[in-house]
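Colleague: Mind having a look at this structure? Questions to follow.
The values are calculated or read from the model by the stated rules, or taken from the named source; none is laboratory data. For clarity, every value in this text was computed on a predicted model and none was experimentally measured. Cβ placement follows ideal geometry from the backbone for every residue including glycine, while neighbour counts extend to all protein chains displayed. Areas reflect the complete protein model, heavy atoms only, side chains present, ligands, DNA and RNA absent. Shrake-Rupley method; radii C 1.70, N 1.55, O 1.52, S 1.80 Å.
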Amino acid sequence: MTDFTFISSADNEKIKLYKRLSADKKLRRKEQLFTVEGARLTADAAAEAIELHCVFFTENALKKYSEALELLFSKYNKKTFSMISDELAASLSDTQMSQGIFAICRMPKSDNAAQYAKMKSGGKYIILDNIQDPGNMGTMLRTADACGIDAVITCSCCDVYNPKTVRSAMGSLMRVNIIDDDIGNAVLNLKNAGIAVYAAVIDSSAVSLTECDFSKGGAVMIGNEGNGLPSEHSALADVPLTIKMHGTINSLNAAMAAGIIMWELSKA
């Protein structure tokens, strides 16, 4: 496939849109578009039936990642693709070692009511409350994907379509069921579906994670990196749980704690 439109100017409307989407959460939500960078992430988006609004690639990328790009060429209209200069690619890249492939993707349609309607006793869920670090968020989504978590519910968290989250999630963003909601409504819907809700807290009197019975599923609330769960939120749960630790350590990085909890959920 040859004769692509060539873009070298930073004033190109598609290029300006990519830059604005990368930087602006409100614009991402308004346009229902987000950005991805790299051969693998772009291919993952296509594999999960995410609509590619437009794709940019350099001449070097066409040579180095020809197999990935040829697969995309076979799925989308030629007008979707544009070749760009190395200088322009450098201005778009959010990484030190750019692969020279960039895409604007359309967000999958979100329907909370439909997601809640599918919830079932025995399902395994994570509720993330006020997680603010995009890297942590991406790591949690990747872990949820690996552990087979049925859905991740985000409440007052950073944007899951932040470029750092997208990159950290390594394609899992495209595969994990994500519900964005108010924590009170989320807990209410979970309980209505017959799902026990647990709150991860730092409290020696709470039930040890290893003693929790997840054989009938469950949903675990995990709080902010610095402050954990507010007391009024943890009070919504059926059971407080804690990760018992040795020595003088009494807390873990939120993504690490979430990983341990999701592993225990997946074992049941």
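Colleague: Under a crude label model (7 Å from the Cα following the beta-carbon direction), how far is D182 from Q132 in nanometres?
Modeller: 2.2
Colleague: Taking springs between alpha-carbon atoms closer than 10 angstrom, which of A193, A254, A219 fluctuates most in the Gaussian network model of the chain?
Modeller: A193
Colleague: Now, a different point. Could you name the aspartates and glutamates in cross-link range of K216, using Cα to Cα under 18 Å and dropping any fewer than eight places away on the same chain?
Modeller: K216 reaches D150, D238, E264.
Colleague: Would you please give the residues with an amide H less than 5 Å from that of T5, counting only those at least 5 places away or on a separate chain, with H modeled from the backbone geometry?
Modeller: Result for T5 returns M83.
Colleague: By a straight-distance test (C-alpha under 14 Å), which aspartates and glutamates pair with K75 as possible cross-link partners, with residues fewer than eight away in the same chain excluded?
Modeller: Within the straight-line limit of under 14 Å, K75 reaches these aspartates and glutamates: D44, E48, E51, E67.
Colleague: Work out how much length M97 to I260 would gain on full extension: take 0.36 nm times their residue separation and subtract the Cα-Cα distance, in nm to one decimal.
Modeller: 55.5 nm
Colleague: Say each of A23 and K267 gets a label point 7 Å from the Cα, pointing the same way as Cα to Cβ; how far apart are those two points in nm?
Modeller: Result for the modelled spin labels: 4.7 nm.
Colleague: Separate question: So, counting K/R as plus one and D/E as minus one, what does the shell of residues with Cβ under 11 Å around S156 add up to?
Modeller: Summing Lys/Arg as +1 and Asp/Glu as -1 gives -4.
Colleague: Under 1.5 on a/c is rounded, so check that first for region 1-112, then, if it is not, pick prolate when a/b is larger than b/c and oblate when it is not; a ≥ b ≥ c are the square roots of the alpha carbon gyration tensor eigenvalues.
Modeller: Note, shape of region 1-112 comes out oblate.
Colleague: Where the centre of each part is set by its Cα atoms, how far does region 203-242 sit from region 1-76, in angstrom?
Modeller: Rounded to whole Å, the Cα centres lie 40 Å apart.
Colleague: Using 0.36 nm per residue of separation minus the Cα-Cα distance, give me the extension gain between N253 and L71 in nm, one decimal.
Modeller: Difference between extended and current length: 61.6 nm.
Colleague: Could you pull out the trypsin sites (Lys or Arg not before Pro) across region 157-237 that fall in loop regions by DSSP (anything but H, G, I, E, B) with no more than 16 other Cβ atoms inside 10 Å?
Modeller: Of the trypsin sites (Lys or Arg not before Pro), the ones in loops of region 157-237 whose Cβ has at most 16 other Cβ atoms within 10 Å are R175, K216.
Colleague: Specify the residue with the greatest mean-square fluctuation among I50, I183, I249, computed from a Gaussian network of the chain linking alpha-carbon atoms under 10 Å apart.
Modeller: I249
Colleague: Pairs to check: K19/K63; K109/K244; K191/K267; K19/K64. Give those whose C-alpha atoms are more than 30 Å from each other in this structure.
Modeller: Over 30 Å Cα-Cα: K109/K244.
Colleague: Out of the trypsin sites (Lys or Arg not before Pro) in region 73-126, which ones are loop residues according to DSSP with at most 15 other C-beta atoms within 10 Å?
Modeller: Answer by residue number: K109, K118, K120.
Colleague: What accessible surface, in Å², does a 1.4 Å probe find on Y161, ignoring ligands, DNA and RNA and rounding to the nearest 10?
Modeller: 20
Colleague: Please compute the per residue accessible area over region 4-134 with all protein chains in place, 1.4 Å probe, rounded to a whole number of Å².
Modeller: Accessible surface, normalised per residue, equals 53 Å².
Colleague: Let me ask another. May I ask you to compute the full-extension gain from S204 to E13, defined as 0.36 nm times their residue separation minus their alpha-carbon distance, rounded to one decimal in nm?
Modeller: Roughly 63.1 nm would be gained on extension.
Colleague: Considering only protein heavy atoms and a 1.4 Å probe, what is the carbon-and-sulfur percentage of the accessible area of region 44-113?
Modeller: 49
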